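Enquirer: Quick one: structure below, then a few questions.
Throughout, read-outs are computed from the coordinates displayed, never taken from laboratory work. Not measured: the values here are computed from a predicted model. Counting neighbours? That spans all protein chains shown, and the Cβs are built from the backbone with ideal geometry, glycine included.
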Amino acid sequence: MTYLDKFNADCDLIGERMDAMQAEIDQLRGFALRLMESWPCGDLDGGELQDAAVAFGLLELRTPAPTEPCGENCGCAEYASAEEFSAGEVRCFTRAALLDGGKQWKRH
Ligand SMILES: [Zn+2]
C-alpha cells in the first residue's frame, strides 16, 4: 500500500466516523427537541419520555419478547404479569449503544 493509498483510506475512515457522529448528534438533538416541547409549561410523563427515547434510538425493544423477567433490576420484572410473560406480550426496553458512548466510536 502506498502512502497515498493509506492517506485515502484514512480519509475514508474519518469521513465514515464523521457521518456516524453526525447521525448520533441528529438523534440526540431530535430527542432533546422532543423533550423541550414540554418547556416551559408542559407536563412530560414517563411514557412520553420512553416513547421519545425509543423514537430517537436511546432505548431499544428487546427482541424476542422476554418470557421471564430479564433480571431483578429490569422494569419488566416489576410491571409485567406472569400471564403477559407466558403469552410473549411483554415489551421490555434496553439502553441502546448511543447511551453508552455509541458503538461506532470504539477504537479498533
Ligand atoms: Zn426486562
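Enquirer: Angle, helix 46-55 long axis vs. longest principal axis of the chain, Cα atoms, 0 to 90°, nearest 10?
Expert: In the chain, helix 46-55 runs at an angle near 30 degrees to the longest axis.
Enquirer: Would you list Cys92, Cys41, Cys70 from fewest to most Cβ contacts within 10 Å?
Expert: Ranking Cys92, Cys41, Cys70 by Cβ neighbours within 10 Å, fewest first, gives Cys41, Cys70, Cys92.
Enquirer: For the stretch 14-108, what is the charge dipole size about the Cα centre, in debye to the nearest 20, if Lys and Arg each add +1 at the Cβ and Asp and Glu each add -1 at the Cβ? Don't jump to the answer; show the numbers that get you there.
Expert: On the way: 9 positive and 17 negative charges, 128 e Å.
Approximately 620 debye in magnitude.
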